[in-house]
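Heads up: the structure comes next, in structure tokens.
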């Protein structure tokens with residue numbers, strides 16, 4: 001049993017010291033500071049390692065916090081000079097304090113992302129950013145110059161796999177008014193795409209998810225758009241067989257309404273029996289007949305509103321001279 | 001101390017003359033190469049704007065210089081000193097940048113306070129980088145509930161119920177360029193806390209490609225053939 005002088009020495013590796021001496025220090029791979037062993041009673045159990053002063057006591061108020069927490073790290077009570085408490089309060093008391101508090105260690109902390117740290121990071125990231133062109137400040141201008149919108153979703157999550165199969169889906173949206181289509185091509189395009197076209201917003205949406213990669217789906221969507229565009233300009237032979245039922249809009253020419261009106265008007269003028277065709281042409285040229293035509297077309301295309309019904313009523317009154 | 005260009009580092013700079021082969025008896029050199037970070041290429045045509053927006057490529061590479069050597073004596077080996085020199089080059093290319101009309105970041109987590117903190121971080125980062133923030137809102141939470149038997153065997157009338165709550169937070173950014181978006185999203189994603197998932201919905205805008213401007217049948221005479 002010897003008395004040692006106060007010495008702090010660094011030992012890396014296992015310490016093999018005979019049992020008669022420091023029992024506490026066996027089998028430890030640590031930095032060991034052995035303080036004075038001059039205990040008068042010679043009690044080996046009272047050899048305690050003194051815990052140093054926590055770092056929070058030595059922290060100046062204006063320190064650089066980004067040096068204390070430079071990156072994401074668990075909560076260290078001796079490094080955070082805040083009197084935080086967390087957890088279920090003990091009976092008649094408050095939540096447990098930060099020393100050895102598992103709740104504070106479990107929860108993700110943002111101590112490495114203080115406003116000062118964010119500013120520093122952003123200063124370093126600024127050179128890699130580009131500016132938005134000033135000419136495209138409104139949505140209308142964006143739509144005018146860049147009519148095609150491609151929507152994709154990216155996923156970030158942790159789990160057994162990093163991949164998400166929904167990430168391959170690509171939505172391509174374009175307004176038909178921005179494409180170079182004539183009347184026939186537009187109608188054919190709308191018939192070809194079916195439910196992918198929204199009449200209210202005039203937007204064609206092509207959704208592709210048949211390929212495994214996003215890039216492939218995007219290329220496929222562009223290919224579909226190209227094919228649709230060129231096919232809609234083609235005039236096939238069988239398109240001549242388009243019937244009235246296939247028409248998208250109501251047209252008054254050669255419709256039962258026109259025939260009925262002309263029959264009625266010719267019968268009203270039955271006194272002067274002239275050539276049938278010329279009478280019909282003459283009648284068609286009249287302003288009231290044109291008004292009637294407009295009102296009927298509007299009624300059929302837009303549906304029954306108060307406006308359309310009113311217009312129809314007025315037109316009928318004028319035509320039949322009521 | 002003159003840096004020695006070894007063959008391993010030499011490939012980086014094409015156009016440099018190859019150095020004379022230097023060989024020692026006990027030569028150890030290693031080069032750590034950080035892969036260059038290349039943003040994805042663009043789709044669509046050129047962007048015509050008053051200020052040319054360019055794509056910036058980031059090349060980050062390290063050179064680990066080899067050891068100091070004395071040509072005179074090969075036998076004894078001097079204490080090697082290694083210097084790491086960091087070269088950071090931001091190259092600007094003429095390739096047009098992708099333009100995102102809207103970038104929507106949706107974060108999902110089990111703890112609302114973590115999402116609050118993340119929202120503060122993300123909004124502050126966006127402001128510092130000069131991004132225009134759109135809406136920042138909180139979609140309603142989802143609760144998934146399970147009802148299980150309490151006991152291992154029998155006791156059907158006694159059950160236990162668990163629930164999993166998923167809170168959401170959505171941050172929308174308007175008018176983001178491809179480079180800025182990539183920088184911002186990578187920064188946000190690297191600092192995503194544990195237990196939080198993210199979905200990023202990007203709406204990119206493009207010009208109409210050249211092959212859709214005019215129909216290809218215009219040059220060809222229209223043939224009255226029935227379609228196949």
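The values are calculated or read from the model by the stated rules, or taken from the named source; none is laboratory data. Only a predicted model underlies this, so the values are computations on that prediction, with no experimental measurement involved. Backbone-built Cβ (ideal geometry, glycine too); neighbour counts: all protein chains shown.
Checking the conditions here, which among A:167, A:117 is over 22 Å from residue B:134 (Cα atoms) and crowded, with 19+ Cβ neighbours inside 10 Å?
Checking each option against the conditions leaves just A:117.
Could you give me the residue pairs with C-beta distances under 7 Å whose first residue belongs to region B:152-165 and is in the same structural domain as residue B:140 (by TED's automatic domain parsing), whose second residue is surrounded by 10 or more Cβ atoms within 10 Å (Cβ to Cβ) and part of a loop (DSSP other than H, G, I, E, B) wherever it lies, and which are 6+ apart or on separate chains?
B:158/B:150; B:158/B:151; B:159/B:150; B:160/B:150; B:165/B:110; B:165/B:141
Kindly indicate the residue of region B:107-149 that is assigned to a loop (DSSP other than H, G, I, E, B) and either under 24 Å from the mean Cα position of the chain (by Cα) or surrounded by 16 or more Cβ atoms within 10 Å (Cβ to Cβ) (or both) and also nearest to the other protein chains (Cβ to nearest Cβ) among those meeting that condition.
Restricting to residues being assigned to a loop (DSSP other than H, G, I, E, B) and either under 24 Å from the mean Cα position of the chain (by Cα) or surrounded by 16 or more Cβ atoms within 10 Å (Cβ to Cβ) (or both), the top hit is B:130.
Could you tell me whether any residue of region B:187-197 is more than 7 Å from chain A (Cβ to nearest Cβ), in contact with a helix residue (DSSP H, G or I) (Cβ under 9 Å, 6 or more places away or on another chain) and crowded, with 19+ Cβ neighbours inside 10 Å?
Taking every residue of region B:187-197 in turn, at least one turns out to be more than 7 Å from chain A (Cβ to nearest Cβ), in contact with a helix residue (DSSP H, G or I) (Cβ under 9 Å, 6 or more places away or on another chain) and crowded, with 19+ Cβ neighbours inside 10 Å.
Does residue A:172 qualify as being touching a strand residue (DSSP E or B) at 6+ places or on another chain (Cβ under 7 Å), in contact (Cβ under 8 Å) with a residue 40 or more places away in the chain and surrounded by 15 or more Cβ atoms within 10 Å (Cβ to Cβ)?
So residue A:172 passes the test.
Give me the pairs: first residue in region B:210-225 and facing chain A (nearest Cβ under 7 Å) and more than 22 Å from residue A:238 (Cβ to Cβ), second residue assigned to a loop (DSSP other than H, G, I, E, B) and at pLDDT 85 or above, beta-carbon distance under 8 Å, and six or more apart or on different chains, which are they?
B:212/A:179; B:212/A:180; B:213/A:180; B:214/A:180
Identify all residues within region A:65-86 that are touching a strand residue (DSSP E or B) at 6+ places or on another chain (Cβ under 9 Å) and farther than 24 Å from residue B:192 by Cα; write none if there are none.
Result: A:83, A:85.
For region A:205-246, which residues satisfy the criterion of being under 21 Å from residue B:216 (Cα atoms) and outside any helix (DSSP H, G or I)?
A:234, A:235, A:236, listed by residue number.
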